[in-house]
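Shown next, in structure tokens, is the structure this report addresses.
The values are calculated or read from the model by the stated rules, or taken from the named source; none is laboratory data. From a predicted model like this one, the values you see are computed outputs, not experimental measurements. Note that we place each Cβ from the backbone using ideal geometry, even for glycine, and neighbour counts take in every protein chain shown. All accessible areas refer to the heavy atoms of the entire protein, side chains included, with ligands and DNA or RNA removed. Shrake-Rupley method; radii C 1.70, N 1.55, O 1.52, S 1.80 Å.
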Amino acid sequence: EAGVTQSPRYAVLQEGQAVSFWCDPISGHDTLYWYQQPRDQGPQLLVYFRDEAVIDNSQLPSDRFSAVRPKGTNSTLKIQSAKQGDTATYLCASSFAGYEQYFGPGTRLTVL
Amino acid sequence: GEQVEQLPSILRVQEGSSASINCTYENSASNYFPWYKQEPGENPKLIIDIRSNMERKQTQGLIVLLDKKAKRFSLHITDTQPGDSAMYFCAASADSGYNKLTFGKGTVLLVSP
């Protein structure tokens, strides 16, 4: 079975630029998660969806970050105006009915 | 919310010995405790998990213990091999669907031959 796929794998931006990350979950998984993983730290949940609905986005910096999953399959995470503090790896994960979360390879973002 | 503390941050062991990583949590409602292994440049992979209705779980050289009174859980790797060298994360979830995972800061395990 194909795993979670993400693109791009790497992104380098200047402060103030925008960037979008794309995630394709495992087929049939109804729940999709976006995590931020700063270097040498554990993943931190930003937002998660069940089908197309946002279930929890309480940790998503809403002034600059947005996430959508319009058809309940693929998802996009966007940073409107990146800051140096956003430098991290952005991980997408998916699960079926809240069981084991399978992580994608991540997008490593560097904001200069 | 939940806070998860993980220790040690770095653990060096000799091949063939055992390794132990400890985590504590704050929310007494936490009911699901997975452990993930992450190799450099790779995504985290679930290696073992335990739910709050159990105190011990074992699989393929891994043992997880859960002490709900002390709000503590631990991973024990028996007979370590160089291939066990990686970053290990514990996590805890307090929601009914096991969705909102709070991760510890990780432990770098180094197994020397």
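A few comments on the model shown:
- Computed from backbone phi with θ = phi - 60° and the Karplus coefficients 6.51, -1.76 and 1.60, the 3J(HN,Hα) list for segment A:21-32 is 10, 10, 9, 10, x, 5, 4, x, 7, 8, 10, 10 Hz; x is used for glycine and proline.
- Once A binds B, the 1.4 Å probe can no longer reach about 1500 Å² of accessible area, counting both sides.
- For the peptides B:95-107, B:61-73, residues were scored by their other Cβ atoms within 10 Å and the scores averaged per peptide; the highest-first order is B:95-107, B:61-73.
- R0 of 35 Å, Cβ-Cβ distance B:Gln60-A:Leu112: FRET efficiency to nearest 0.05: 0.20
- In segment A:72-100, comparing the full protein assembly with the chain on its own, the residues that lose 10 Å² or more of accessible surface at a 1.4 Å probe are A:Leu91, A:Gly98, A:Tyr99, A:Glu100.
- Kirkwood-type hydrodynamic radius, segment B:26-106: 13.2 Å, calculated from all non-identical alpha-carbon pairs.
- Residue pairs exceeding 20 angstrom between C-alpha atoms, taken from B:Lys37/B:Lys105; B:Lys37/B:Lys71; B:Lys71/B:Lys105: B:Lys37/B:Lys71.
- Reduction of at least 20 Å² in accessible surface, 1.4 Å probe, comparing all protein chains with the chain by itself, residues of segment A:20-51: A:Tyr35, A:Gln37, A:Asp40, A:Gln41, A:Gly42, A:Pro43, A:Leu45, A:Tyr48
- Solvent-accessible area, 1.4 Å probe, carbon plus sulfur percent, for the protein assembly as shown: 47 percent
- Burial of 40 Å² or greater, segment B:82-113 residues [accessible area, probe 1.4 Å, versus chain by itself]: B:Asn99, B:Lys100, B:Leu101, B:Phe103, B:Lys105
- Reachable aspartates and glutamates, given that their alpha-carbon falls under 16 Å from the alpha-carbon of A:Lys78 and they are not under 8 places away in the same chain: A:Glu15, A:Asp24, A:Asp63, A:Asp86
- Cα-based reach from B:Lys68 at 18 Å (exclusive), listing lysines while leaving out same-chain residues under 8 positions away: B:Lys57
- For the protein assembly as shown, the per residue solvent-accessible surface stands at 49 Å², with DNA, RNA and ligands left out and a 1.4 Å probe.
- For segment A:17-112: relative contact order, % (alpha-carbon pairs under 8 angstrom, 6 or more apart): 33 percent
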